[in-house]
Amino acid sequence: MSKILVTGGAGFIGSHVVDAFVDAGHQVTVVDDLSSGSEDNLNPKAKFYELDIRSAQLADVFEDEKPEIVAHFASQIDVRRSVTDPIFDADVNVRGSLNLLEMCVAANVKKFIFASTGGAIYGSPEKLPADESCTPLPESQYGTSKLCVENYIGLYSRMYKLPATILRFPNVYGPRQSPHGEAGVCSILAGLMLEDKAPTLYGQGTMLRDYVYVGDIARGCMLALKKGTGATINLGSGKAASVKDLYDIIRGITGFSGKPVLKDKRPGEVEKIFITGARAAEVLGWKPEVSLKDGLTKTIEYIRKQHEAKKAEQE
Ligand SMILES: NC(=O)c1ccc[n+]([C@@H]2O[C@H](COP(=O)([O-])OP(=O)(O)OC[C@H]3O[C@@H](n4cnc5c(N)ncnc54)[C@H](O)[C@@H]3O)[C@@H](O)[C@H]2O)c1
């Protein structure tokens, strides 16, 4: 059993990771300001602090909880907001992460795990699927702030011997994902199609991504507790699906019979990016197990129940 502090543990991916840590018998503390996360996602067995990662009060949490491991998921995740408000993006992602790293060093934390992005850090690499040897050339402020944090982690590992693993996620999807921002495309499409509303497919539906189910990502984070120190690892599937592919699968599951609206891609969005999980297989013994169809079926089931609960509330 380890004492683990999870930032962003009330959010989509962080809450699934908290569940996995709790189920494995770890003692988990969550720090989240609930800016995009929800108390509904919180594992009842985890201790919760409603707090901004930029706050000086974070030191009190370290003092009281004495975490041995820190898994850092709290972030401004909206690519488009990072383009329109880069100062806010950098403030949360860079200054917030730096505040956390300083405290990890002061508390002599034994392992730091960072949720980075494979989708936004590489830009448009010539070699696809992208592996970790590709030079990161982000095309958005969000990708740049995440890269900056990766660099700080590298520095803190060299300067203070902070043991760290950087995990670069692909497009993660699954239950609890908020239907905001590009990352939530599965939730957005499924939510609209369940309500019989026509979804908009940006990039004319041709943009390519790899979509990995959140349960697989949580398993990767579990493995990183014990393995991968000093490594930067893509948790990718290596497989590309277009937005139109997603639309077709979701249409098949929901029975939607309308037509999508096709629009051009928006600023900061990359045309195609998918990442290989070869290093994750080698270092962590990880590979994604849930197929896109099965993962989307579970996600749609979750959204359907959410819609029903909302309707019952309104009646
Ligand atoms: N969803 C994806 O496909 C994806 C892909 C690549 C990387 N990531 C990374 O994974 C992590 C989790 O993403 P997610 O999709 O679960 O997003 P999310 O928005 O659901 O989770 C982020 C959580 O951080 C919290 N938070 C935001 N700012 C905070 C602050 N200043 N102080 C404390 N808490 C704060 C939010 O309330 C939320 O609960 C992020 O670091 C993100 O960059 C996600």
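The values are calculated or read from the model by the stated rules, or taken from the named source; none is laboratory data. Values in this document were obtained by computation on a predicted structure and should not be read as measured data. Backbone-built Cβ (ideal geometry, glycine too); neighbour counts: all protein chains shown.
Kindly indicate whether any position in the range 24-40 is among the β-branched types (Val, Ile, Thr) and surrounded by fewer than 19 Cβ atoms within 10 Å (Cβ to Cβ). Checked against the condition, which is being among the β-branched types (Val, Ile, Thr) and surrounded by fewer than 19 Cβ atoms within 10 Å (Cβ to Cβ), the range 24-40 yields no hits at all. Just to verify a result, which residue in the range 62-86, among those that are of a type in the set (A, V, I, L, M) and buried (at least 21 other Cβ atoms within 10 Å of the Cβ), is farthest from the ligand (Cβ to nearest atom)? The selected residue is Ile69.
Among the residues of the range 35-52, those that are out of contact with any His (no Cβ under 8 Å at 6 or more places or on another chain) and near the ligand (Cβ under 6 Å from one of its atoms) comprise Ser35, Gly37, Asp52. Going by what's in this entry, would Asp40 be described as within 16 Å of Pro175 (Cβ to Cβ) and either assigned by TED's automatic domain parsing to the domain that holds Ile77 or out of contact with any Leu (no Cβ under 8 Å at 6 or more places or on another chain) (or both)? For Asp40, the condition - within 16 Å of Pro175 (Cβ to Cβ) and either assigned by TED's automatic domain parsing to the domain that holds Ile77 or out of contact with any Leu (no Cβ under 8 Å at 6 or more places or on another chain) (or both) - is met.
Residues in the range 49-88 that are in contact (Cβ under 8 Å) with a residue 12 or more places away in the chain, part of a loop (DSSP other than H, G, I, E, B) and charged (D, E, K, R): Asp52, Arg54, Lys66, Glu68, Asp78. Every test in (1) assigned by TED's automatic domain parsing to the domain that holds Asp78; (2) touching a strand residue (DSSP E or B) at 6+ places or on another chain (Cβ under 8 Å); (3) outside any loop (DSSP other than H, G, I, E, B) is passed by Gly230 save one, and that test is (3). Ile273 - would you say it is over 26 Å from Pro138 (Cβ atoms) and of a type in the set (Val, Ile, Thr)? Answer is no for this residue. Only one of the listed residues (Asp32, Asp89) is farther than 21 Å from Tyr213 by Cα, within 9 Å of the ligand (Cβ to nearest atom) and modelled with pLDDT of 95 or more. That residue is Asp32.
Being outside the structural domain of Leu246 (by TED's automatic domain parsing) and either more than 9 Å from the ligand (Cβ to nearest atom) or surrounded by fewer than 24 Cβ atoms within 10 Å (Cβ to Cβ) (or both) is a property that holds for Gly123.
Could you tell me whether any residue of the range 164-174 is under 20 Å from Met222 (Cβ atoms), part of a helix (DSSP H, G or I) and either within 16 Å of the chain's Cα centre (by Cα) or more than 15 Å from the ligand (Cβ to nearest atom) (or both)? Scanning the range 164-174 turns up no residue that is under 20 Å from Met222 (Cβ atoms), part of a helix (DSSP H, G or I) and either within 16 Å of the chain's Cα centre (by Cα) or more than 15 Å from the ligand (Cβ to nearest atom) (or both). Of the residues making up the range 142-162, those that are away from the ligand (no atom under 12 Å from the Cβ) and either of a type in the set (A, V, I, L, M, F, W, C) or farther than 20 Å from Arg95 by Cα (or both) are Cys148, Ile153, Leu155, Met159, Lys161, Leu162. Tallying residues that are assigned to a loop (DSSP other than H, G, I, E, B) and away from the ligand (no atom under 11 Å from the Cβ) within the range 1-29 yields 5.
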